[in-house]
1. Restricting the search to segment 38-68, which residues are among the hydroxyl-bearing types (Ser, Thr, Tyr) and not in a loop (DSSP other than H, G, I, E, B)?
2. Would it be correct to say that residue 91 is part of a loop (DSSP other than H, G, I, E, B) and closer than 25 Å to residue 165 by Cα?
3. Which of the following residues is outside the structural domain of residue 6 (by TED's automatic domain parsing), touching a Gly at 6+ places or on another chain (Cβ under 9 Å) and over 30 Å from residue 1 (Cα atoms): 143, 174, 139?
4. Would you say residue 199 is buried (at least 19 other Cβ atoms within 10 Å of the Cβ) and not in a loop (DSSP other than H, G, I, E, B)?
5. Out of all the residues in segment 99-147, which are part of a loop (DSSP other than H, G, I, E, B), away from the ligand (no atom under 16 Å from the Cβ) and either modelled with pLDDT under 95 or on the phi < 0 side of the Ramachandran plot (or both)?
6. Would it be correct to say that residue 60 is more than 22 Å from residue 36 (Cβ to Cβ), assigned by TED's automatic domain parsing to the domain that holds residue 25, of a type in the set (Val, Ile, Thr) and away from the ligand (no atom under 12 Å from the Cβ)?
7. Being surrounded by 14 or more Cβ atoms within 10 Å (Cβ to Cβ) and more than 15 Å from the ligand (Cβ to nearest atom) is the filter here, so list the residues in segment 25-55 that pass it.
8. So residue 52 passes all but one of these: (1) assigned by TED's automatic domain parsing to the domain that holds residue 25; (2) of a type outside the set (Gly, Ala, Ser); (3) touching a Ser or Thr at 6+ places or on another chain (Cβ under 6 Å); (4) within 22 Å of residue 148 (Cβ to Cβ). Which condition number does it fail?
Amino acid sequence: MIDLYTWTTPNGRKVSILLEELGVDYTAHPINIGQGDQKTPEFLEISPNNKIPAIVDHDTGLKLMESGAIMIYLADKYGKFLAADGEARTKTIEWLMWQMGGLGPMLGQVHHFLHFNPGKAAYAEERFAAEAKRLYGVLDKRLEGRDYIVDDYSIADMACWPWISRYEWQQIDLADYPNVRAWYQRLAARPAVQKGYHVPKKVGEIPAG
Ligand SMILES: N[C@@H](CCC(=O)N[C@@H](CS)C(=O)NCC(=O)O)C(=O)O
């Protein structure tokens, strides 16, 4: 049994989508980051960086924070969505790290400056809007002639997709990135993605793309 500590954000949804795809038994615990649940001493015992997502695996007693590390751990544990070795594993981790180090943090800044605080910092809005467009372009190029980011559907897709699902907050028109749009809709049609998106609670429909 796995306990998942999460909230309705892209980083949280990455892990709930993976758990749904794996079909494993888990309990989702809402950590409302808007009201400071992530700063309680109990949660800091599990996630010392006071951020969601985090898991506790009761099979092993392992406590784990950082969505990328959690995804690699779960994919390896259940032997799915990440090859055990070889080039497919390396390329999947490459694109997972691209999400962790680039797509997620940069789009997070886009949400902060363009969606939540427009008009406060023109330079930051311009900088991060341009970076978002650049990153969408990188993903669009990668998806040229491919159904998934690496050959098979993997944790790299599950890591990137929830960030792309916020394309409206990012003022991105998916029509400008046709390969991203087709991939986005391909994943959105998956029952496990739909279920994982609404964990720990439903806050709206999945954007249509
Ligand atoms: N690198 C971390 C980032 C996690 C993260 O930024 N979580 C946000 C929600 S998406 C959070 O918990 N924010 C609360 C806070 O910063 O206090 C990961 O991928 O797990």
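1. 67
2. Values: part of a loop (DSSP other than H, G, I, E, B): no; closer than 25 Å to residue 165 by Cα: yes.
No; evaluated as a whole, the condition is false for this residue.
3. On the way: 143 fails: touching a Gly at 6+ places or on another chain (Cβ under 9 Å); 139 fails: touching a Gly at 6+ places or on another chain (Cβ under 9 Å).
So the residue among 143, 174, 139 that is outside the structural domain of residue 6 (by TED's automatic domain parsing), touching a Gly at 6+ places or on another chain (Cβ under 9 Å) and over 30 Å from residue 1 (Cα atoms) is 174.
4. On the way: buried (at least 19 other Cβ atoms within 10 Å of the Cβ): yes; not in a loop (DSSP other than H, G, I, E, B): no.
No, not satisfied.
5. Our first condition is that a residue be part of a loop (DSSP other than H, G, I, E, B); within segment 99-147, this holds for 117-121, 143-147.
Filter once more, so that each one left must be away from the ligand (no atom under 16 Å from the Cβ): 118-121, 143-147.
Within segment 99-147, 118, 120, 121, 143, 144, 146, 147 qualify.
6. Values: more than 22 Å from residue 36 (Cβ to Cβ): yes; assigned by TED's automatic domain parsing to the domain that holds residue 25: yes; of a type in the set (Val, Ile, Thr): yes; away from the ligand (no atom under 12 Å from the Cβ): yes.
In short, yes.
7. 26
8. All conditions pass for residue 52, except number (4).
The values are calculated or read from the model by the stated rules, or taken from the named source; none is laboratory data. Quick caveat, the model's predicted, so the values are computed rather than measured. When we count neighbours, we look across all protein chains shown, and the Cβ atoms used for this are built from the backbone with ideal geometry, even at glycine.
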